[in-house]
Amino acid sequence: VRAAAILRAATYVAHDTEVSAEVLALCADAERAGVGGETLAAQLELAATLKQRAQAGGVVVRLCDGDPMLFGRLSGLPDELRRAGVPVEIVPGIGPYTALLAYTSLRALHPRDASP
């Protein structure tokens, strides 16, 4: 619910290309940019864009698919933004491993109710 509220308020959303159309629909009023690449240059460019947009008064979002902390995917982005005076809030998503555990646990607990 928190993530949905933030996406609706966003003015700029830098999102992974794997983020679903249903999730992107929540930020229909925001300027959106598909981002990717784990290179240092790509990360530095993204950080600079987010800083610039936030310092100009926008509500900026770095939208990852699943849990943004899994495998340290955010790298030093939150720290770099905080050093620039940009407030940061991390709203974790539901990663594939968590979703799989929930799905298989539900099937194990209620096999007669689960779809084949």
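The values are calculated or read from the model by the stated rules, or taken from the named source; none is laboratory data. Worth saying up front: this structure is predicted, and the values here are computed from it rather than measured. In this analysis, Cβ positions are derived from the backbone assuming ideal geometry, glycine residues included, and neighbour counts consider all displayed protein chains. Side chains included, ligands, DNA and RNA excluded: accessible areas come from the protein's heavy atoms. Shrake-Rupley method; radii C 1.70, N 1.55, O 1.52, S 1.80 Å.
Numerical summary
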| read-out | value |
| --- | --- |
| Yes/no for E18 being acidic (D, E) and out of contact with any strand residue (DSSP E or B) (no Cβ under 8 Å at 6 or more places or on another chain) | yes |
| Some residue of region 12-22 being modelled with pLDDT of 95 or more, open to solvent by less than 60 Å² (accessible area, probe 1.4 Å) and outside any loop (DSSP other than H, G, I, E, B) | yes |
| Filter result for L74 (touching a Pro at 6+ places or on another chain (Cβ under 6 Å), closer than 16 Å to E18 by Cβ, at pLDDT below 90 and surrounded by 14 or more Cβ atoms within 10 Å (Cβ to Cβ)) | yes |
